[in-house]
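The values are calculated or read from the model by the stated rules, or taken from the named source; none is laboratory data. Quick caveat: nothing in here was measured; it's all calculated off a predicted structure. When we count neighbours, we look across all protein chains shown, and the Cβ atoms used for this are built from the backbone with ideal geometry, even at glycine. Just so you know, the surface numbers come from the protein's heavy atoms only, side chains and all, with ligands and any DNA or RNA stripped out. Shrake-Rupley method; radii C 1.70, N 1.55, O 1.52, S 1.80 Å.
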Amino acid sequence: MEVRSRKKVLVVASDLATHSDLRRILCAYEEENRNFGGPLVSLYKDLEIESASHGPEGWTRLQESLRRNQPFVLAVIDAKVSGEWDAAETIIRLWSEDPLLPVILYKSNGFTAEERRDVLHQLGYSDRFLFVNGDSDPDVFRQMTAAQIERRLVHLATANKLASLQRDLERAQLDLRESMQTKNEFLANISHEIRTPMNAILGFTHLLLKEPLTEPQLEKLHYVQNAGDSLMIIIDGVLDFAKLSAGQLRLAITPFELESVLNDVASAAGPLAQEKGLAVDHQVISSSPRWFCGDRFRIRQILWNLVQNAVKFTEHGAVRIQAIIDEETDDSATIRVVVTDTGIGIPTERQKIMFQSFAQADGSLSRHYGGLGLGLAISKQLADLMGGQIGFRSPPGQGSSFWFIFTLPKHQGAKEGDQASTPPTTLNYGSKRSRISGKPNVLVVEGEYFHRTTVELLLGRAGCFIDLAENAQDAQLMLEKNNYDLILLDYALDGLNVIRSIRQREEGASRCTPVVMLAAQSYAAKRVACLEAGADEFVVKPCTPEMLIGTVCHFLPGLQLGDGGQAFEDEDREKLPKNEEECLSAICMALEEENFPQLEKTAGHLKNMATRKGERDVADQATRVLLSARSHELRKTALAVQRLQSVMNQGCCAVPGQKSGGSV
């Protein structure tokens, strides 16, 4: 509350003579002593008296003063005030409006001891009011009122300052929110702008790898593919860090199998470890329970960051991943995952900053090993978001041991005895149907030219008939004219309204068209909104061609992309080898028979199998076999098969049938 220049005092007395006496004592003092000056004169300068004849009138005047932002600096209440409120009741009412208002309880002929006890019984002992006798020396009265006024002015000045600071803080918080919103909008836009060309780079690279190429051309394309994959890791890391810092990353809770997460991480680390001659062992100490409810993707992200760092900073030896059930109840379990390596360790003086952003154990490491130093910072924030803990122990030169502890509810969809074999039932918002006979009709609703072209070429190779729409209006017109087996829908093209209109049109129908929503940002809230609107799946762009084709094949189960450019029907797929050893045997047999179409098909199947398992070397050599077979050059094809055999015999792929706990 801002105090105006004049200081107002409220006097409540029923006797007019009391008002006159108080005015004379308070207001005449400045005039009589103006020439002498001093602090007391300054305090009484511009003093203004407002009079009230009874309690309710004084209460009304107090309310008006507060509404005008001109609070009283003092209230003087006559102990003999008459009316429906006595003096004590009047003070209580005034304090209900202005709790810090100082009050002087005045009585012209003085208070008896009994009168004081009665007032204290009602008001309590407080420094907010004083007893003053009217027959005391006027200077004593002035001194007492001055002390109360001065204390009140200090309180009001402090309140004004606090109010000003509060307003400044609110403005700063508003500016910060606006700044964060601007930054988040920028990140969302830049994410979309970066992911759009990256999707084209990765998609067209994938398509070019299927063309007849010379070995130098093929090698250069693999460099492009590897560089694109590395760039996407950096982009995803920066965007995840920004979302975590802004508090905008939300967890997506779904059922998952713990062991499969460890298998995924170990398989993904396999190629990098094999290049350095390292072994990656993974093991689940307790086999029960196996299914939990949580954010599988974020748990995998934390473990991948830990394992990737372990492999990166280890030159000799092995990396071990262990998952241990620390505690267990009927409904939940506390899991401890430990990643141990035999690497260079972390210097003691750098250990305290390892979970800070852009931190690495040594500044020169970023040049030698690469990376931005965000992996551990993101892992720490994700662990905090899950209510878990993350830490490490690293004697310098003796390797490191990072641990991640988190508690998850058990998945209750299956009995404990059959958790190992029965996957959880996930909730689907749109129902699926088998594709009709013949080639499937797919509608691609995509605003970006590169996305449309890439998806058209990929699905066209898979044997689909493609309709393209570059906006929501064209999509609605096509949906009115045609029936589709699958719809790929860009979220940015008013995707939520389009999917809602599709589901409204299908109400009462015997089938529902599966809809896959494509989006350039992976916010959990956006994913939930799409699924609730009726989408069957949510895919983040850019996605790998294998991921896109895998998603399409999930909804069109009779379809599978072959590297020869044809679709494998169910009966063809039944004849394909079941593992990598069978693939190699089939390739060798097809080479002996000079059956180039079969050789091309089997090599493409092996490439897909190796790619899914993260075996880049095997996938590369299988691609060389495929391209050589496509050219029908026997000598060139035989050399490619020989190199494939050499890579696989050197143990660059996982041993078929390997169980958890083995070396990847």
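In this structure I49 has an accessible area near 20 Å², from a 1.4 Å probe over the protein heavy atoms. Only the Cβ atoms of Lys and Arg (+1) and of Asp and Glu (-1) were treated as charged; on that basis the dipole of the range 70-128 about its Cα centre amounts to roughly 160 debye. Computed with every protein chain present, the accessible area of E259 is close to 40 Å² [probe 1.4 Å]. Under 5 Å between amide hydrogens, built in the peptide plane, is the criterion, and for R250 it picks out A524, A525 among residues at least 5 positions away or on other chains. A cut-off under 9 angstrom between Cβ atoms defines the neighbours of Q322, and their net charge, with Lys, Arg +1 and Asp, Glu -1, is +1. Protein-only accessible surface at a 1.4 angstrom probe places the residues T158, T623 in the order T158, T623, largest first.
Carbon and sulfur together cover what percent of the accessible area of the range 272-315 at a 1.4 Å probe radius?
Of all accessible area on the range 272-315, carbon and sulfur atoms account for 51 percent.
Rolling a 1.4 angstrom probe over the protein heavy atoms with all chains in place gives the range 577-651 an accessible area of 47 Å² per residue.
Which of I149, L162, T214 sits closest to the plus end of the dipole of the range 81-219, meaning its Cα is farthest towards the positive end, when Lys and Arg get +1 and Asp and Glu get -1 on the C-beta? Final value for the positive-end residue is T214. Only Cα pairs under 8 Å and 6+ residues apart enter the sum, and on that basis the relative contact order of the range 76-175 stands at 26 percent.
Summarising the amide proton neighbourhood of D295: residues at separation of 5 or more, or on other chains, whose placed amide H is nearer than 5 Å comprise T254. The residues neighbouring I49, those whose beta-carbon lies less than 9 Å from its own, together hold a net charge of 0 under the Lys/Arg +1, Asp/Glu -1 convention. Looking at the square roots a ≥ b ≥ c of the eigenvalues of the Cα gyration tensor of the range 235-356, which shape do they give, rounded for a/c under 1.5, prolate if a/b is larger than b/c, or oblate? Since a/c reaches 1.5 but b/c is at least a/b, the shape of the range 235-356 is classed as oblate.
Close amide H pairs (under 5 Å, H built 1.01 Å from N) link I49 with V9, residues at least 5 positions away or on another chain. Accessible surface of I378 in the full protein assembly, 1.4 angstrom probe, to the nearest 10 Å²? Approximately 10 Å² for this residue. Taking the centroid of alpha carbons for each part, the range 73-151 and the range 636-651 are 103 Å apart. The residue list S628, N608, A590 was ranked by how far each Cα lies along the charge dipole of the range 583-629 toward its positive end, using unit charges on Cβ atoms, and N608 comes out on top. Could you tell me which of the pairs K210/K481; K439/K607; K210/K380; K276/K526 are separated by over 30 angstrom between their Cα atoms in the structure shown? The pairs that break the limit, which is 30 Å between Cα atoms, are K210/K481; K210/K380; K276/K526.
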